[in-house]
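What follows draws every value from the coordinates through simple rules; no lab data is involved. Everything numeric here is computed off the predicted structure, so don't read it as measured data. Because the Cβ atoms are built from the backbone with ideal geometry, glycine has one as well, and the counts that use them run over all protein chains shown.
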Amino acid sequence: MSIRSETRKERNTRKTLILIPPNPMASSSIPIREPHSTPKPNLHSVPASMALAAAPSTHFPLSLSRKPPLLTPSAAASVAPAHLEIPALAFDHKLVVSGGRQLSGHVHISGSKNAALAVLAGSLCCAAGPAVIRGVPDLSDTRTMAAVLRSVGARVEEAGGGEVVVDATRVSSVEPSPDDVGRIRAGFFVLGPLVARFGEAEVALPGGCKIGARPIDLYVRGLSALGAVVELRHGKVRVRAANGKGLIGGQFHLDYPSVGATETLMMAASMAEGVSVLSNVAREPEVADLAQFLVACGACIEGAGTGTLVITGRKQLHGAEFTIAPDRIEAGTFMVAAAITRSCISLSPVIPYHLSCMIDKLSTAGCRITLRGPGILEISAVPAATGGDLQGFYLKTSPYPGFPTDLQPQFMALLATCNGSSIVEESVFENRMHHVEELQKLGARIKLHGSTALVEGRKPRSLALSGCPIAAADLRGGAALVLAGMAAEGVTEVGGVAHIDRGYENFEPKLLSLGAEIRREVTPNSYL
Ligand code: EPZ
């Protein structure tokens with residue numbers, strides 16, 4: 001069965017079917033999807049004998065008779081096959097940031113990490129023909145997801161330039177590799193397509209940022225509502241269709257609009273027999289992107305982007321071509337980079353209404369934000385242009401269309417440099433404040449009460465922050481520390497960069513291109 005790309009008629013029908021823009025800035029004439037031209041980063045590697053020893057799932061035999069000679073990254077790269085990727089463990093990466101510089105110019109926004117992860121998981125639904133997915137950012141997380149797909153027998157070809165071709169027609173296992181699933185949250189999402197297509201699956205508990213308990217009760221109860229029997233045994237979730245054949249459409253109300261649970265249940269219901277109604281679902285743009293992909297593969301989904309999904313199951317889905325939407329979290333991160341350095345930059349491609357909360361908050365602070373053309377946004381925080389310095393504000397994270405929790409750390413770093421006091425309430429994850437202690441080391445005046453932070457802005461006529469060594473504990477917290485370092489006096493060394501590499505494609509080259517002074521230092525891991 002050949003790939004069938006979307007006809008113009010389908011695309012127009014799809015638009016009406018799926019999204020109701022919540023914001024007057026939205027305009028259907030904005031072209032948003034263009035293939036990436038980002039070069040593939042150079043992977044580090046070590047001789048085969050050491051690589052096997054270095055595999056993350058293998059327990060490190062620190063009692064190695066003789067520690068292997070330390071190799072510089074370039075020496076390592078020259079001696080081993082390119083596909084052998086050494087885990088971050090063997091080398092420490094840190095970003096060294098010299099602060100106090102203004103930015104200028106334009107930055108290209110990559111495809112959305114979280115949409116790409118969901119769509120890659122969704123490619124397992126395609127029983128007839130490969131999925132050609134464009135705009136996939138080159139990140140350690142998307143590479144891990146590719147490993148998850150390969151571990152069940154899917155063929156994954158990374159064609160470069162953000163194009164990934166997944167052929168899941170010959171999936172041969174319903175037990176993805178636990179190590180790979182255990183590295184990222186989204187690895188767990190394959191549970192949906194596997195049990196829906198094969199009537200059973202066994203998937204390890206997910207990994208991902210340590211920002212809260214992150215339970216899976218909604219996945220379990222949702223799949224049970226679709227006629228599955230779910231067991232948790234030895235750290236794995238075993239699911240099978242109660243009727244021994246396949247899932248049956250049903251009704252399920254999510255207690256909380258979980259993104260991952262919505263995406264997993266949407267994929268499962270797309271191949272369940274009959275109609276499913278999922279209510280209080282997540283409305284994030286990444287969920288809508290996955291729905292658009294599944295519809296392109298032949299699924300029947302109504303209501304994506306709203307709080308209720310009505311899904312009519314199909315026996316089989318086919319391959320399709322699809323382009324991932326731009327990353328609104330990366331876009332928000334670069335908007336904060338401009339604000340925290342009091343600069344003016346432009347960024348594209350963006351979908352403005354995906355950014356409405358960030359635009360609203362930054363405008364409240366005093367930034368001037370302008371649409372410079374289809375999908376091109378300009379942000380200026382230059383005091384001369386905005387008529388004064390930035391003011392603090394109140395923000396509370398909540399599910400979309402509320403303020404995204406994935407931008408909370410970056411905005412907190414900004415607020416530490418604004419005038420006046422601010423309050424930041426984190427309501428989505430119960431333990432997403434690891435960055436506070438590191439920001440305090442830079443001199444930020446933050447008081448933490450559980451998941452609420454009181455941020456005392458900068459004192460008049462002083463730089464609020466001054467550089468020192470700090471370390472990232474998770475992805476978005478890591479990005480916030482780099483931004484804070486760009487606003488700080490002197491040099492800031494940010495460790496734990498592996499977290500940042502999970503979610504930002506070419507982070508420091510992009511910052512460099514905007515005029516930031518930043519470099520990556522790779523040092524052999526002192527523990528080995
Ligand atoms: C997705 O995580 C994103 N990850 C996260 O981005 C993002 O922070 C989050 O959605 C919220 O927007 C991916 O898409 C891969 P949730 P997910 O299920 O799906 C509770 C980043 O930085 N919950 O919506 O794991 C849960 O504990 C990452 O890119 C249950 O109670 O988030 C949390 O408090 C970090 N039971 C809340 O829902 C469940 O069964 C939101 O979690 C599932 C979730």
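Each peptide in 95-103, 119-127, 279-287 was scored by the mean count of other Cβ atoms within 10 Å over its residues; highest first, the order is 119-127, 279-287, 95-103. Per residue, the convex hull spanned by the Cα atoms of the range 274-424 measures out at 102 cubic angstrom. Hey, if you drop one equal point scatterer on each alpha-carbon of the range 384-452 and run the Debye formula without solvent, what base-10 log of I(q)/I(0) do you get at q = 0.16, 0.25 Å⁻¹? Values returned for q = 0.16, 0.25 Å⁻¹ are -0.55, -1.16.
How long are the semi-axes of the equivalent ellipsoid of the range 113-323, defined as square roots of 5 times the Cα gyration tensor eigenvalues? Whole Å, largest first. Can you show the working numbers first?
Values: eigenvalues 96, 71, 59 Å².
Largest first, the range 113-323 gives 22, 19, 17 Å.
For the range 219-357, a/c is not less than 1.5, where a ≥ b ≥ c are the root eigenvalues of the C-alpha gyration tensor, and a/b tops b/c. That puts it in the prolate class. Sorted from greatest to least, the principal axis extents spanned by the alpha carbons of the range 397-506 come out as 37, 32, 22 Å. Peptides 375-383, 511-519, 187-195 ranked from most to least packed by the mean count of surrounding Cβ atoms within 10 Å: 187-195, 375-383, 511-519.
Ranked by the mean number of other Cβ atoms within 10 Å per residue, highest first, peptides 477-487, 390-400, 353-363 order as 477-487, 353-363, 390-400. Roughly how many Å is it from the Cα centre of the range 384-450 to that of the range 329-369, as a whole number? Value for the Cα centre distance between the two parts: 15 Å. Computed 3J(HN,Hα) for the range 386-403, one whole-Hz value per residue from the Karplus formula 6.51 cos²θ - 1.76 cosθ + 1.60 where θ = phi - 60°, is 9, x, x, 8, 7, 9, x, 7, 9, 9, 10, 7, 6, x, 4, x, x, 6, glycine and proline marked x. Close amide H pairs (under 5 Å, H built 1.01 Å from N) link E489 with L465, S466, G467, residues at least 5 positions away or on another chain.
FRET efficiency for the pair R233 and H449, taken as 1/(1 + (r/R0)^6) with r the Cβ-Cβ distance and R0 = 56 Å, rounds to 0.90. For A471, the residues whose modelled amide H falls within less than 5 Å of its own, excluding neighbours fewer than 5 places apart on the same chain, are G495.
Given a cut-off of under 8 Å on Cα pairs at least six residues apart, what relative contact order in percent is computed for the range 113-323?
Values: 521 pairs, mean separation 46.4, N = 211.
Value for the range 113-323: 22 percent.
Sequentially through the range 160-171, phi angles give Karplus couplings (6.51, -1.76, 1.60; θ = phi - 60°) of x, x, x, 9, 10, 10, 10, 10, 9, 5, 10, 4 Hz, Gly and Pro residues having no value and appearing as x.
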